[in-house]
Amino acid sequence: MDLKFGTDGLRADARSRLTPQLVEALGRAAAQVLGDGFAVGRDPRVSGPELVAAFCSGVQHAGGDIVDLGVLPTPAVARWCSDEQVAGAMVSASHNPWHDNGVKLFARGGHKLADEAQRRVEELLAELLADAGSAASTGAPGGTSPPRPVPSSEDAARRRHTAAVAASIEGRDLEGLRIVVDAANGAACWSAPECLRLLGARVSTVHASPDGYNINRDCGSLHPESLQEAVVSAGADAGLAFDGDADRVLAVDSAGELIDGDQILAVCALDRAGRGLLSGAAVVVTVMANLGLKRALRAHGIEAVETPVGDRHVLAALEERQLVLGGEQSGHLIFRDLATTGDGLLTAVQLLDAVKRSGSDLSDLAAAAMTRMPQVLLAVPLPDPRNGDAGIDSLLAPIADEAAERLGDSGRVLLRPSGTEPLVRVMVEASDPATAAATADRIAARVSETLRDRRL
């Protein structure tokens, strides 16, 4: 097997590498490791139904029971798993384009897999595929058809999730707020507008007509430009940009300015601290967090607990320290007292609730919470993705060290292989935008050259 679990499950091109036969074997492995009770959901991409059928087939052939939750956000699957005390799977490639897909697994109760459980699933999957002789033969006729009908609970799961998110603001509402939702033609198309309207907000939508191929295409949290224009054009108070499976969200203020995950985290952290709801006086952030966030938290006596990139690491730190709030610049926030995993819709409602209670505009609230240090993020493609990222860290370290020495105390450099795509991430912070941009461009060129030399 040439696929490995990344920072957020198994993910690959569904036209070639992530086959139904492989996913069927994954269903078998997951059922044997995680238990015989399962729920599965998906986002709207075209390969989803076939892969869900394959996963269901694997679970059932391993003797397990499974319920199909249909098209809904990843956190809705996690909530169902928590309520029903079953394991779960989400068939989604998150923010990736339509031709990719993936499988995110949840342990019984809706938590991301611990490292040991993930290792056991990986090992068993490899054994199953090896025993079958190839990924194209896993012992089930066709490898994709469940041996018995799979019950469906799509409407119930979506309603349960939206009701729980709405209840998270304890009887308050969002009346008077005008919101534009960019659903990324993904899993948020129904849940997000439904929940916000339930809370009394006036909602309009963009990119909420999925056709299986347009998920994340020039929209959503990776491409918020059209949302920014729509918010200004509509005279809205805020915009919300979800990703394909709706476990993350970015915001847009009334002037069309983007509010990223660091700023959302700062607003929510200071709001909770002011209400005595920030246990441990600490927030979990990743190494990608803007230095301005850390400075803002420190100024209010809040510790920034730093982890590697990935919500699994954030959640692990939250649980270890018994903290309630953490997240990433991407807009993937975890409210551990309200959910078992990151939830874009829950994050949006918590943010908008803070905005309404403050009596301020989102722009003013975000500006008061933190001042961003100029930061540039670039991505350098791997010349040959088939080789993976083994050994890349040792190649990147001298480049990062040299750049950091040139910046001195006035900036910061971070280079890392992506955990979800065949890319090297380049992050540079500096005292001014021009220096950050020039340094990032120079580093990206060095990384690209080094990776080309590695291939030769």
>> If Ser168 satisfies all but one of (1) more than 22 Å from the chain's Cα centre (by Cα); (2) over 20 Å from Val71 (Cα atoms), what's the number of the condition it fails?
In response: (1)
> Does the range 169-182 contain any residue that is touching a Cys at 6+ places or on another chain (Cβ under 7 Å), among the hydrophobic types (A, V, I, L, M, F, W, C) and more than 11 Å from Leu345 (Cβ to Cβ)?
Replying inline: no
>> Take Gly280 and tell me if it is open to solvent by 20 Å² or more (accessible area, probe 1.4 Å), outside any loop (DSSP other than H, G, I, E, B) and farther than 24 Å from His95 by Cα.
In response: yes
>> If I ask for residues that are closer than 13 Å to Ser152 by Cα and under 24 Å from the mean Cα position of the chain (by Cα), which ones from the range 50-65 would you list?
In response: Val52, Ala53, Cys56
>> What pairs come out if I take residues in the range 431-451 that are of a type outside the set (Val, Ile, Thr) and pair them with residues that are assigned to a loop (DSSP other than H, G, I, E, B) and surrounded by 19 or more Cβ atoms within 10 Å (Cβ to Cβ) whose C-beta lies under 8 Å away, six or more apart or interchain?
In response: Ser431/Met373; Ser431/Gly411; Ala436/Gly411; Ala436/Ala430; Leu451/Leu382
> Do you know which of the residues in the range 187-198 that are open to solvent by 10 Å² or more (accessible area, probe 1.4 Å) and in contact (Cβ under 8 Å) with a residue 24 or more places away in the chain is nearest to Ala93 (Cα to Cα)?
Replying inline: Cys189
>> Testing Leu423 on (1) touching a strand residue (DSSP E or B) at 6+ places or on another chain (Cβ under 7 Å); (2) closer than 22 Å to Pro374 by Cα, one condition comes back false. Which one is that?
In response: (2)
>> So the check is Cβ under 6 Å with 6+ separation or different chains; which pairs have a first residue in the range 202-215 that's under 15 Å from Val180 (Cβ atoms) and buried (at least 18 other Cβ atoms within 10 Å of the Cβ) and a second one that's modelled with pLDDT of 95 or more and among the charged types (D, E, K, R)?
In response: Val203/Arg197; Val206/Asp182; His207/Asp182
>> Can you find, within the range 397-456, the residue that is surrounded by the most Cβ atoms within 10 Å (Cβ to Cβ) among those that are in contact with an Asp or Glu (Cβ under 8 Å, 6 or more places away or on another chain) and part of a helix (DSSP H, G or I)?
In response: Ala436
>> Residues that are touching a residue at least 60 places away in the same chain (Cβ under 8 Å), under 30 Å from Ala438 (Cα atoms) and not β-branched (Val, Ile, Thr), at least 3 per element: which helices (runs of 4 or more DSSP H) completely within the range 297-396 meet that?
In response: 362-369
>> Among the residues in the range 23-39, are any surrounded by fewer than 24 Cβ atoms within 10 Å (Cβ to Cβ) and basic (Lys, Arg)?
In response: no
> So which residues in the range 403-423 are within 15 Å of Pro381 (Cβ to Cβ) and more than 18 Å from the chain's Cα centre (by Cα), if there are any at all?
Replying inline: Leu415
> Can you tell me which of Glu328, Glu320, Glu303 is open to solvent by 40 Å² or more (accessible area, probe 1.4 Å) and touching a strand residue (DSSP E or B) at 6+ places or on another chain (Cβ under 8 Å)?
Replying inline: Glu303
>> Please verify whether Asp43 is of a type in the set (Asp, Glu) and surrounded by fewer than 24 Cβ atoms within 10 Å (Cβ to Cβ), treating the condition exactly as stated.
In response: no
> So which residues in the range 97-119 are at pLDDT below 95 and either open to solvent by less than 30 Å² (accessible area, probe 1.4 Å) or assigned to a helix (DSSP H, G or I) (or both), if there are any at all?
Replying inline: Lys112, Leu113, Asp115, Glu116, Ala117, Gln118, Arg119
> Of the residues Ala164, Ala184, which is open to solvent by 10 Å² or more (accessible area, probe 1.4 Å), of a type outside the set (Lys, Arg), in contact with a helix residue (DSSP H, G or I) (Cβ under 7 Å, 6 or more places away or on another chain) and closer than 30 Å to Gly27 by Cβ?
Replying inline: Ala164
> Has the range 269-276 got any residue that is outside any helix (DSSP H, G or I), on the phi > 0 side of the Ramachandran plot, open to solvent by 10 Å² or more (accessible area, probe 1.4 Å) and at pLDDT 95 or above?
Replying inline: yes
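Quick one: is Gly261 among the small types (Gly, Ala, Ser) and on the phi > 0 side of the Ramachandran plot? Talk me through it step by step, then tell me what you get.
Details: among the small types (Gly, Ala, Ser): yes; on the phi > 0 side of the Ramachandran plot: no.
For Gly261, the condition - among the small types (Gly, Ala, Ser) and on the phi > 0 side of the Ramachandran plot - is not met.
The values are calculated or read from the model by the stated rules, or taken from the named source; none is laboratory data. Since the structure is predicted, the reported quantities are computational estimates derived from the model, not experimental observations. So basically every Cβ, Gly included, is an ideal-geometry build from the backbone, and we count neighbours across all protein chains shown. The accessibility values were calculated without ligands, DNA or RNA, using every heavy atom of the protein model including side chains. Shrake-Rupley method; radii C 1.70, N 1.55, O 1.52, S 1.80 Å.
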